Amino acid sequence: MNTEDKTNINSVENFQIIPIMPEAMAVFQIDKEKHQEFKSKIEHLMDTADDKYRRDVPDGDKREFLCNNRFQNVLLDFPELKELHSILKESALNFIKKCGFICDEVIITDAWVNKYRLGSTLPVHRHANSYISGNYFVNYDKSINSPLTLTNDRVVTSQAPTLKLQPDDEKTPYNRNTYEIICEESTVLLWKSHILHGYSKPEIGDNRLTLSFNIMPKVMGVGEQFSYAVDENSRV
Ligand SMILES: [Fe+2]
């Protein structure tokens, strides 16, 4: 962008605000038939999987988790999800490449299923030790299930990494508190893992089912000096 032509340093009315380095999010949908197949397999797992795959939650908790444990990975522990594993891996690799980075292979380091019942919320958080995170909306009706909501860390005090000011009433792309993603069932979202996300609007549905995952490039490398590799076969 040529800023010289349009910028007049003598006029406060005539300056530009340019969106430098915007954040990338991938949005795509799993093929309808494939989605129905994956959905019934995942729902079946939620009903039948051994207790060792279930995370303990406090009595009365409105959530259920499958394979939400560092030694488990729902996409690897259940061979019936092998094809979904390949689709998510491939899409994350494409996302990284489309954003303009060099990467030959990715590894899904964690993958688990979340069931959120009536009244539940998902506190704002970000995923550590991960490069890309994602959500696959397995059982989801946007008219009743809460949307995933991304939080702007320029504005939200408790999570702000630096100084903040009170936002104006006039919304801009920079001062909004949050960004709600309204999507259909079968949608997959991919984002950089450091982005804050969650939702505060309590569920008015009773069976919000999503599959969450974390992804690392197999080799994290920069130039000729620095790199390390991630091993898919070691879960520690
Ligand atoms: Fe998350």
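Quick note: the coordinates plus some simple rules give every number you see, no bench work behind them. This structure is a prediction, so every number in the text was calculated from the model and none was measured. Glycine also receives a Cβ, built like all others from the backbone with ideal geometry; neighbour counts cover every protein chain displayed.
Looking at the stretch 169-183, I want the residues that are under 11 Å from HIS197 (Cα atoms) and have a partner that is among the polar types (S, T, N, Q) and in a loop (DSSP other than H, G, I, E, B) with Cβ atoms under 9 Å, at least 6 apart or on another chain. Which pairs are those?
THR178/ASN152; THR178/SER200; TYR179/ASN152; GLU180/SER146
Scan the stretch 61-69 and give yes if some residue there is surrounded by 19 or more Cβ atoms within 10 Å (Cβ to Cβ), closer than 30 Å to MET21 by Cβ and of a type outside the set (Gly, Ala, Ser), otherwise no.
Here is the first cut: in the stretch 61-69, the ones surrounded by 19 or more Cβ atoms within 10 Å (Cβ to Cβ) are 65-68.
Checking the rest, the ones that are also closer than 30 Å to MET21 by Cβ come to none.
There is no residue in the stretch 61-69 that is surrounded by 19 or more Cβ atoms within 10 Å (Cβ to Cβ), closer than 30 Å to MET21 by Cβ and of a type outside the set (Gly, Ala, Ser).
Is there a residue in the stretch 192-199 that is more than 14 Å from the ligand (Cβ to nearest atom), in a loop (DSSP other than H, G, I, E, B), crowded, with 16+ Cβ neighbours inside 10 Å and touching a residue at least 40 places away in the same chain (Cβ under 8 Å)? Walk me through it before giving the result.
Our first condition is that a residue be more than 14 Å from the ligand (Cβ to nearest atom); within the stretch 192-199, this holds for none.
So far as the stretch 192-199 goes, no, none of its residues is more than 14 Å from the ligand (Cβ to nearest atom), in a loop (DSSP other than H, G, I, E, B), crowded, with 16+ Cβ neighbours inside 10 Å and touching a residue at least 40 places away in the same chain (Cβ under 8 Å).
Can you find even one residue in the stretch 217-229 that is under 30 Å from GLU33 (Cα atoms) and crowded, with 18+ Cβ neighbours inside 10 Å? Reasoning before the result, please.
Filtering the stretch 217-229 for residues under 30 Å from GLU33 (Cα atoms) gives 217.
Next cut, crowded, with 18+ Cβ neighbours inside 10 Å only: 217.
Taking every residue of the stretch 217-229 in turn, at least one turns out to be under 30 Å from GLU33 (Cα atoms) and crowded, with 18+ Cβ neighbours inside 10 Å.
Applying the selection to the stretch 99-123, what residues are more than 16 Å from the ligand (Cβ to nearest atom), more than 17 Å from the chain's Cα centre (by Cα) and either surrounded by 15 or more Cβ atoms within 10 Å (Cβ to Cβ) or farther than 15 Å from ASP206 by Cα (or both)? Write out each step before concluding.
Going through the stretch 99-123, the residues more than 16 Å from the ligand (Cβ to nearest atom) turn out to be 99-107, 117-119.
Subsequent filtering for residues that are more than 17 Å from the chain's Cα centre (by Cα) retains 100-105, 117-119.
Matches in the stretch 99-123: GLY100, PHE101, ILE102, CYS103, ASP104, GLU105.
Take the residues in the stretch 124-148 that are away from the ligand (no atom under 14 Å from the Cβ), surrounded by fewer than 14 Cβ atoms within 10 Å (Cβ to Cβ) and not aliphatic (A, V, I, L, M); name whichever of them is nearest to SER212 (Cα to Cα).
Restricting to residues being away from the ligand (no atom under 14 Å from the Cβ), surrounded by fewer than 14 Cβ atoms within 10 Å (Cβ to Cβ) and not aliphatic (A, V, I, L, M), the top hit is ASP141.
Select, from LYS41, LYS34, LYS82, the only residue that is of a type outside the set (Gly, Ala, Ser), surrounded by fewer than 12 Cβ atoms within 10 Å (Cβ to Cβ) and assigned to a helix (DSSP H, G or I). Don't jump to the end; show me each part of the working.
Details: LYS41 fails: surrounded by fewer than 12 Cβ atoms within 10 Å (Cβ to Cβ); LYS34 fails: surrounded by fewer than 12 Cβ atoms within 10 Å (Cβ to Cβ).
Among LYS41, LYS34, LYS82, only LYS82 is of a type outside the set (Gly, Ala, Ser), surrounded by fewer than 12 Cβ atoms within 10 Å (Cβ to Cβ) and assigned to a helix (DSSP H, G or I).
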